[in-house]
Amino acid sequence: MFKKTATLLLSGLFFLSLTACAQKSTMEENTAFEQFTGRWALFLDGGAGWLDIRQEDGYLDADILWYGGSVVPVDNVVFYDNSLLVFRNRQVVRKKDAVGNAIRTQTVTSWLKLNLQNGTLFGRYISPNRDGIGVELNEFTGKKIADLSPAPNLAKVKYGEPVPLFNGKDLTGWTLTDSSDTNGFHVENGALVNHVPQKEGQPRIHYGNLCTVDKFEDFNLKLQVNVPKGSNSGIYLRGIYEVQVYDSFGKDLDSHNMGAIYSRITPTVNAEKPAGEWQDFDITLCDRHITIVLNGKTIIDNQPLLGVTGGALTADEFSPGPIYFQGDHGDVSYRNIVLTPIVK
C-alpha cells in the first residue's frame, strides 16, 4: 500500500512538473513572440515590402505587401524556436482535360522565416520553383515602423512657396525611375502625356515610371489628370504612397478606385468624372496622414498611412522622396502640377 501510494505521488509530481514546464515554455514563447508584433518596413532587393504581425484572440495573424500589388492577409503564422514563420499559399493547376478543365491542382506554399537581432528583422523568403525542384530564396531585412502621431491640425500647417514641377514644354526636372525602361512620356499641348503602345506579335515593351529629380517631405500637391477609357496610372507621393489613378467612374467604392490610397484607404464618396475628362486633385501629405480632394470633394480626410503601397521605391517612410507617375500600366495625361512644401 505504501509503495503504491508513493508511486502515485511520484507520478503526480512528475505530471505537475511537466505541466509547469509546458506552461513556463508557453509563457516564454509568448513573451518572445511579442517582440515580433507590430508593423514592419521590409527592405527587399530592388523594392519594398510591409508586414503587420499581430496576436488575435487565440491565434496569430499577419498582413503582407510583397513588392507590388495589394496588401493581403497571409495564410498562417507560427512562432517556433524563436523564429516566426509566415506562410502564403497559391493554387497551381498541374493538369487539364481536353476542354481545359482542371483535373489536378496543387497548393504550393511559400514562407518567410523571420528572426530578430538587436531590433532588426532578418528574413528569408522561400518559394518553391514551379516544377517543385529547388526553391527561389530572397533574403531581406526589416525595421519596426514608429507609431503614428495624432492627425495633424491642417488649419495650423505652414506652407512655403509653391514649386511648379512641370514647365509644360519638356521633361526638365523629370527622369525615369529605371533608366533601362522605355519612356512613354512626352509633352503634348502643354500636358505630360504617357502613351504605351504594344506591337502585336512582338516582345512586350516595358514602359517606365517618371519621377521628379527633386525630393520632398510633407507638402500639398495640386494637379490635373486625364484618364482614357479603361486606363490606369498612379501618383506616388515621396515615391512610396500611391494615389490611384483609374477609370472607375460608375463603380462601387473600393480601395483600388480613383483617388484611393492603393489597397489601403477607400474613398468615402465617389467623385471621379467619366473617362477622357480632366480631373482635379488636391492632395496634402503631413505627418504620415493623407487628405485627398478630388474634383472639389474630400474623399479621404486626414487619414493615417499605415505603410507603403505596392510599387514603392523604398520601405523608408521617414526620408524625402520624389513624386512619380506610374507609366507602365496605360495611357494617361497630367498637367498643372504644383507642389507647395510644408514648413516645419
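Put simply, the C-alpha atoms of the range 196-256 give a gyration tensor, and the ellipsoid matching it has half-axes of 25, 20, 10 Å, longest first.
Here the Karplus curve 6.51 cos²θ - 1.76 cosθ + 1.60, taken at θ = phi - 60°, turns the phi angles of the range 268-282 into couplings of 7, 9, 7, 10, 6, 9, x, 4, x, 9, 6, 10, 9, 10, 9 Hz, with x standing for Gly and Pro. Sorting 176-182, 142-148, 131-137, 89-95 by average packing, meaning the other beta carbons within 10 Å per residue, from highest down gives 142-148, 176-182, 89-95, 131-137. Normalised by 2.2 N^0.38 Å, with N the number of residues, the alpha-carbon radius of gyration of the range 36-144 equals 1.21. Legend: residue pairs Lys169/Lys229; Lys169/Lys215; Lys96/Lys251, Cα-Cα distance threshold 24 Å; pairs beyond threshold, Lys169/Lys229; Lys96/Lys251. Per-residue packing, averaged as other Cβ atoms within 10 Å, sorts the ranges 199-205, 149-155 into the order 149-155, 199-205, beginning with the highest. Roughly what percent of Cα-Cα pairs across the range 227-285 reach past 19 Å? So the pairs more than 19 Å apart make up 21 percent of the total in the range 227-285. The residues Ser233, Ser263, when put in order of fewest to most other Cβ atoms within 10 Å, stand as Ser263, Ser233. Here the spin labels are modelled as points 7 Å beyond Cα on the Cα-Cβ line, and at Thr175 and Lys199 they lie 2.9 nm apart. Note on the chain: Kirkwood radius taken over Cα pairs, Stokes-Einstein applied at 10 °C and 1.306 mPa s, translational D equal to 69 µm² s⁻¹.
Candidate cross-link partners of Lys143 among the lysines, defined by an alpha-carbon separation under 18 Å and a same-chain spacing of 8 or more, comprise Lys113. Computed on the Cα atoms alone, the convex hull of the range 154-343 gives a volume of 120 cubic angstrom per residue.
Placing pseudo-labels 7 Å out from each Cα toward the beta carbon at Asn101 and Ala146 gives an inter-label distance of 5.9 nm.
Since every read-out is calculated from the coordinates, none of them should be taken as a lab result. Computed from a predicted model, the values in this text were never measured in an experiment. Methodologically, a virtual Cβ is constructed for each residue, glycine included, from the backbone with ideal geometry; neighbour enumeration extends over all protein chains shown.
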